[in-house]
Every structure is written in structure tokens, then in C-alpha cells.
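First the structure, in the form of C-alpha cells, and then the observations on it.
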Amino acid sequence: MSVTLAPNTSLTPNTSLTTSDSIDNQLEKLCQLNFEFLTTPTRKLREKDIVPVGDHPESRRPQFALDGRMSEATWSALIHSLEVIQRADQGRKDDTPVSEESAQKVALPQPPLKLILKYAKSANPLSYPGSRRQIVYTYYGARLLLVRIVQWMSLCQMRAVQLEEEGINSGWNWKAALTEDTIAIPNDLNISDEMFTSPNIETYDPRLPAFNPKLISGQKEEESREMVLHPYASHYACHFPNFDPFSGKELKEIEDCLGKEFCTRNKEI
């Protein structure tokens, strides 16, 4: 049995508010619509999501790219769907997307994972530049692919439950796949002014030995140099612009912090 997609289907529900709905039902529908409007990749593209990145080096035509937050969130959702499906498949071998036997048990074809698998170990394909039309089609194509995967997952979950209720091994363990390694929501969770900058957490100080690649505990000098990711654009180097990670000499005094808001130039070392 194949999974088909109805015309104009999207993750946004065809929800209309009527006078027969209760206030609670209307509020719930509005909350769902607003949540989807704010969430990538369920929301539609906006003009600001398509960023100009210069002209093509050969054709000289304008090139665009999907906003980094949009491309990462959308690609992460697709990668996550692949990982969840493969975790749930109890009969999968390492070299197969999904076990044929497991798919047959729930009377479903292989899920549409080939395109994700093709790029799973390479760069995010949604971050590639192209024409404006290409960017629009790529994003909505990725969103449509996610819709189809969600439909496949839902059918598989429903049929697996039905088989298990009849005492038949479905070949799928969705409960484990959807709950393993999850972190519980704290009981005392609340929203406060310090939520993103808690006063209980020490302020970042690049002068501390832990942030000096040459002073990491347990590292030999020649090994510690391998920890330097970039000689002048790294976070540490921005605070210590005169520090040469390859010279073997430590910076004796702090210099200008290049306008960083957490500059420590006036502090003693």
C-alpha cells in the first residue's frame, strides 16, 4: 500500500473557527495555528528568509540562499525523522535504510528516505546557493518530503499498535524510538529574566586557563597547539589579538578586545 498526499496538503491544518466551537476549542485551534506559524519548517517562507549572496561567478546572475536558521531547522527535522524511523525498526541492518521485512509486516513500502540518506553525511543541501526560484522550490520540497515522512510514520505506528494488540510482533518499537534519551521537563520550570543569562552561572572569562589552548590540563605543549581551531578568528584570539598560538610564548598582557561586549581589557591578568 502506498502513501499518497492529498492535494494542497501541508502541515498547517485546514482549521476554521465557527460559532459552534466552544471558546476552549477555538483557543486550542488558534494556539496550534500560531505555533505552526512560528515553527520551522511548518511555516511558509517569508521574503526575509531568502538572502542574496552575490552573483554567480560564471553566469553573473543573482544568487540567493535560505536563511541559516531556516535551512538548519528544516534539515535537522529531516535528519531527525530518519534517525527515529531507523531506531524504531527492530530488524534493520546497518547497511539498509529500513528492513524490508519490517516494512512488509505493517504493509507499507519503504519510507521516502533516499534523498535524506544521500546527504546525511555531507553538508546541509538546504544551505546551497541558487536562484530565487530554486531556493523556494527546495524549501517547499523539503517541507513536502517531511509531510510524507510524517504520514508514513503515523501509518506505521498505527499498524504496529494494531499488530501488537493482536499478539503479533510488528517488528517496530516506536515507544523506545520516541522516548529514549529524552530529558524530562523540570518540575520547577518557569520563565524569568535570567532564563538565558542565569546569575548562578559564572560569567565567561577568556583569561581563565580552561579557555587557553596552551594551558589545558593534561595536554603536552605540542598537543595543546592542535586544539587551536583558528589563529585569529577563534573566540580566544579575538580577546587576545597579539597571542600567537604557534610561537610557544604566552601573552603577557591583555590587549584591545576588538569591540567585544564582554571585553576584559581593564581586568588584571
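The values are calculated or read from the model by the stated rules, or taken from the named source; none is laboratory data. All of these numbers come straight from a predicted model, not from anything done at the bench. Virtual Cβ from ideal backbone geometry, glycine too; neighbours counted across all protein chains shown. Calculation scope for accessible area: heavy atoms of the full protein, side chains included, ligands and nucleic acids excluded. Shrake-Rupley method; radii C 1.70, N 1.55, O 1.52, S 1.80 Å.
Could you please find all residues in the stretch 95-117 being open to solvent by 60 Å² or more (accessible area, probe 1.4 Å) and modelled with pLDDT of 90 or more?
Hits for the stretch 95-117 are Glu100, Glu101, Gln104, Lys105, Gln110, Lys114, Leu115, Leu117.
Select the helices (runs of 4 or more DSSP H) contained entirely in the stretch 39-130, then report the ones holding at least 2 residues which are more than 22 Å from the chain's Cα centre (by Cα).
Of the helices (runs of 4 or more DSSP H) lying wholly inside the stretch 39-130, those with at least 2 residues that are more than 22 Å from the chain's Cα centre (by Cα) span 100-105.
Quick one: Glu28 ticks every box in (1) loosely packed, with under 14 Cβ neighbours inside 10 Å; (2) part of a loop (DSSP other than H, G, I, E, B) except a single one, so which number is it?
(2)
So which residues in the stretch 46-94 are among the acidic types (Asp, Glu), open to solvent by 30 Å² or more (accessible area, probe 1.4 Å) and in contact with a strand residue (DSSP E or B) (Cβ under 8 Å, 6 or more places away or on another chain)?
Asp55, Asp67
Among the numbered criteria (1) surrounded by fewer than 15 Cβ atoms within 10 Å (Cβ to Cβ); (2) closer than 30 Å to Glu58 by Cβ, which one does Gly130 miss?
With respect to (1) surrounded by fewer than 15 Cβ atoms within 10 Å (Cβ to Cβ); (2) closer than 30 Å to Glu58 by Cβ, Gly130 is out only on (1).
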